[in-house]
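Participant: Dropping a structure here in structure tokens format, bear with me for questions.
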């Protein structure tokens with residue numbers, strides 16, 4: 001493995017911040033080495049300085065895309081942390097349906113949900129399964145599930161909805177696997193009825209949220225740790241603008257808005273905390 005020098009790490013730290021908003025702190029040299037070493041070897045680079053120069057001189061930005069894909073690859077699995085999905089099933093979705101049914105009695109109630117860092121799709125598809133299990137389906141409700149991520153590779157995989165045996169083993173029991181997936185050689189593919197509920201697109205959270213519209217629910221889980229405190233504040237401001245006045249914001253189990261935003265009110269349901277606009 002090619003070792004990264006202190007000056008190269010400083011160089012890549014700024015470069016990655018500029019292209020993705022991801023802030024690498026001191027001590028993350030190993031992450032750059034493990035994530036980017038395969039790309040450096042693929043391109044025949046003998047140093048990270050050389051990889052940087054090749055990326056900067058690539059006018060098609062193909063190398064830049066590969067660097068973003070490698071650095072932004074995050075831990076994800078089906079029904080991660082469990083409690084957010086129970087919160088959706090037993091509190092948030094029933095409350096929304098009740099409110100939307102009363103205010104728009106002549107049309108199907110709408111539910112618009114955005115997973116702001118959806119990675120390879122497990123979170124969105126977990127939500128689709130959770131909705132099916134409480135009989136909230138496109139037959140009776142106008143449902144839109146949007147998943148966004150900065151990585152082209154992650155979006156492509158999420159859109160295809162195909163996972164290997166190791167990926168489905170993380171978070172899925174056999175009952176859900178058989179009910180919502182079909183076997184495809186050595187892999188499993190999400191069934192078309194759930195796939196049709198979801199839409200995926202590329203989005204850099206540091207850029208303007210153009211054309212997203214409004215959402216009833218926003219999940220922004222386990223991604224803000226990669227941003228500076230100032231950038232977190234800016235992102236939460238933008239989320240507040242696309243969230244309905246009575247909407248819900250869900251963060252990761254160890255995350256809090258305490259030091260990053262005063263635009264939301266924290267509320268609790270059983271063991272879960274969620275946020276609503278002030």
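The values are calculated or read from the model by the stated rules, or taken from the named source; none is laboratory data. None of these values were measured; they are calculated from a predicted model. In this analysis, Cβ positions are derived from the backbone assuming ideal geometry, glycine residues included, and neighbour counts consider all displayed protein chains.
Participant: Just for the range 246-262: of the residues that are closer than 10 Å to residue 233 by Cα and touching a helix residue (DSSP H, G or I) at 6+ places or on another chain (Cβ under 8 Å), which one is modelled with the lowest pLDDT?
Facilitator: 259
Participant: Can you name every one of the helices (runs of 4 or more DSSP H) wholly within the range 129-182 that holds 2 or more residues which are touching a strand residue (DSSP E or B) at 6+ places or on another chain (Cβ under 6 Å)?
Facilitator: 152-160
Each row is one residue, and each column tells you yes or no for (1) surrounded by 15 or more Cβ atoms within 10 Å (Cβ to Cβ); (2) within 27 Å of residue 241 (Cβ to Cβ); (3) in contact (Cβ under 8 Å) with a residue 12 or more places away in the chain; (4) within 17 Å of the chain's Cα centre (by Cα).
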| position | (1), (2), (3), (4) |
| --- | --- |
| 51 | yes, no, yes, no |
| 60 | no, no, no, no |
| 65 | yes, no, yes, no |
| 77 | yes, no, yes, yes |
| 85 | yes, yes, yes, yes |
| 108 | no, yes, yes, no |
| 113 | yes, yes, yes, yes |
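Participant: Going through the range 235-244 one residue at a time, which ones are part of a helix (DSSP H, G or I) and either in contact with a strand residue (DSSP E or B) (Cβ under 7 Å, 6 or more places away or on another chain) or buried (at least 16 other Cβ atoms within 10 Å of the Cβ) (or both)?
Facilitator: 235, 236, 238, 239, 240, 242
Participant: Which of the following residues is surrounded by 14 or more Cβ atoms within 10 Å (Cβ to Cβ), modelled with pLDDT of 95 or more and assigned by TED's automatic domain parsing to the domain that holds residue 195: 175, 157?
Facilitator: Working: 175 fails: surrounded by 14 or more Cβ atoms within 10 Å (Cβ to Cβ).
Going through 175, 157 in turn, the sole match is 157.
Participant: Another question about this same structure. Give the range 245-263 a look and list any residue that's within 25 Å of residue 79 (Cα to Cα) and buried (at least 16 other Cβ atoms within 10 Å of the Cβ), or say none.
Facilitator: 247, 248, 249, 250, 251, 252, 255, 257
Participant: The conditions are (1) under 18 Å from the mean Cα position of the chain (by Cα); (2) surrounded by fewer than 16 Cβ atoms within 10 Å (Cβ to Cβ), and residue 135 fails exactly one of them. Which is it?
Facilitator: (1)
Participant: Can you tell me which residues in the range 47-92 are out of contact with any helix residue (DSSP H, G or I) (no Cβ under 7 Å at 6 or more places or on another chain) and assigned to a helix (DSSP H, G or I)?
Facilitator: Scanning the range 47-92 gives 50, 53, 56, 57, 62, 83, 84, 86, 87, 90, 91, 92.
Participant: Any chance the range 194-216 includes a residue that's out of contact with any strand residue (DSSP E or B) (no Cβ under 6 Å at 6 or more places or on another chain) and in a strand (DSSP E or B)? Full working, then the answer.
Facilitator: Here is the first cut: in the range 194-216, the ones out of contact with any strand residue (DSSP E or B) (no Cβ under 6 Å at 6 or more places or on another chain) are 194-196, 202, 204-213.
Now restrict to residues that are in a strand (DSSP E or B): 202.
The answer is yes; a qualifying residue exists.
Participant: Still on this model: Name the pairs: first residue in the range 169-183 and closer than 16 Å to residue 124 by Cα, second residue in a helix (DSSP H, G or I) and modelled with pLDDT of 95 or more, Cβ to Cβ under 6 Å, at least 6 apart or on different chains?
Facilitator: 177/168; 180/129; 180/194
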